[in-house]
1. Would the range 99-149 count as rounded, prolate or oblate if I go by the C-alpha gyration tensor, calling it rounded below 1.5 in a/c and otherwise prolate when a/b exceeds b/c, oblate otherwise?
2. Can you give the calculated 222 nm mean residue ellipticity of the chain, where each DSSP H run of n ≥ 4 adds -39,500 (n - 2.57) and the sum is split over every residue, rounded to the nearest 500 deg cm²/dmol?
3. Compute the FRET efficiency between Tyr153 and Leu73 as 1/(1 + (r/R0)^6), taking r as their Cβ-Cβ distance and R0 = 41 Å, and round to the nearest 0.05.
4. Along Cα→Cβ, 7 Å out, is where each label goes; now give me the distance between the ones at Asp134 and Thr4 in nm to one decimal.
Amino acid sequence: MQVTYKLTLADYKAALRLHRRQKLIRRAGFFFWYVAIPGSSAVALIAAVVFSTTGQTEWFARCLGVGVGLLWLSITMPFARMFTIRKGFRRIFPQSATNRTCTIDITDDRIISGMPGVSEGKFFWPAIVAFAQDEKITLLYIDKNRFLLFPTYSLSPLQRSELSAMFDKHLVRKQP
């Protein structure tokens, strides 16, 4: 089965979202940066207001400093994440590459992933440690944090069932 697709930023973002959902620690990190830090900032700023009204200037200064620092982190983190995601996507292809068409060829013996002018990788089934799939993207893990990606929507229903059969046949389930 050979699939030809054009890799887009939306596909790359979907792959990162699916990768983050695979482990609890990755979800906890997301929760920490995007929920716990802004919440702590709000608590520190409210405490600063309370200490300001009660006349405790030392505690007011401490809470205000912590609150402003956490507020700065909670505001800049989404922008930094957006910047690093775009930068990571741009680094997949060289700057001179205008063609972002990729191919993946999956057979019973091996998997060949190719990006014209960039790279071609050949992987045998024992090298695939896991896979993840949703309606947008399919990830083939070659390491716990490295994966091959291709859009699931580019597969026909017959190819999807064939791919599932190959995963069931070749992928060795590892006990934790």
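1. oblate
2. Per the formula, -17000 deg cm²/dmol.
3. Details: r = 36 Å, r/R0 = 0.88.
Calculated value: 0.70.
4. 2.9 nm
None of the figures in this text is laboratory data; all of them are computed from the coordinates on show. Just so it is clear, the model here is predicted, and its values are computed rather than measured. Note that we place each Cβ from the backbone using ideal geometry, even for glycine, and neighbour counts take in every protein chain shown.
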